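Quick notes on the structure that follows.
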Amino acid sequence: QVQLVESGGGLVQAGGSLRLSCAASGSMFSNNIMGWYRQAPGKARELVATITRGDSTNYADSVKVRFTISRDNAMSTVWLQMNSLKPEDTGVYYCNARGSWPTSYNSWGQGTQVTVSS
């Protein structure tokens, strides 16, 4: 029901910053929660951060303080500001959106690669 496209990934030195963007599109949708997940090679996908329509946020312990999630008023775009990046932040970052109108859905983007070198 909703299509998600991520951008902003790339190669960065440890200690550097990146800002990821996720744009949602579709004929009819209303996102209740949007967020970011990541997956390192050989590892399971894990939560990075989520944000709700009420601006409630949730962060993985490993990224608290360093990362900040934000959204636009329409709940159609979500950003992830990543500062003080570490090599262990390396992985594919996926955008996620969940909603219930007009029907329930749980959508994922294709992912964007983030590589942090030491």
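We did not get these values from a lab; they are worked out from the coordinates using the rules stated. What you are looking at is a predicted structure, and each value in this text was computed from that prediction instead of being measured. Don't worry about glycine lacking a Cβ; one is built from the backbone with ideal geometry, like all the others, and counts go over all protein chains shown.
Taking the Cα centre of the chain as the origin, how large is its charge dipole in debye, to the nearest 20, when only Lys and Arg (+1) and Asp and Glu (-1) carry charge on their Cβ atoms? Walk me through the intermediate numbers first.
Working: 10 positive and 7 negative charges, 13 e Å.
Charge dipole, the chain, about its Cα centre: 60 debye, nearest 20.
Along the charge dipole of the stretch 1-83, pointing to its positive end and built from +1/-1 on Cβ of Lys, Arg, Asp and Glu, which listed residue (S27, V12, T77) has its Cα farthest out?
The residue sitting farthest along the positive end of the dipole is V12.
Just to check, using Stokes-Einstein with a Kirkwood Rh over alpha carbon pairs, what's the diffusion coefficient of the chain at 4 °C and 1.567 mPa s in µm²/s? Don't skip to the end; give the middle numbers.
Working: Rh = 14.2 Å.
Stokes-Einstein gives a translational diffusion coefficient of 91 µm²/s.
Treating only the Cα positions of the stretch 12-67 as identical point scatterers, give the base-10 log of I(q)/I(0) from the Debye formula at each q in 0.13, 0.15 Å⁻¹.
For the requested q values the scattering log ratios are -0.44, -0.58.
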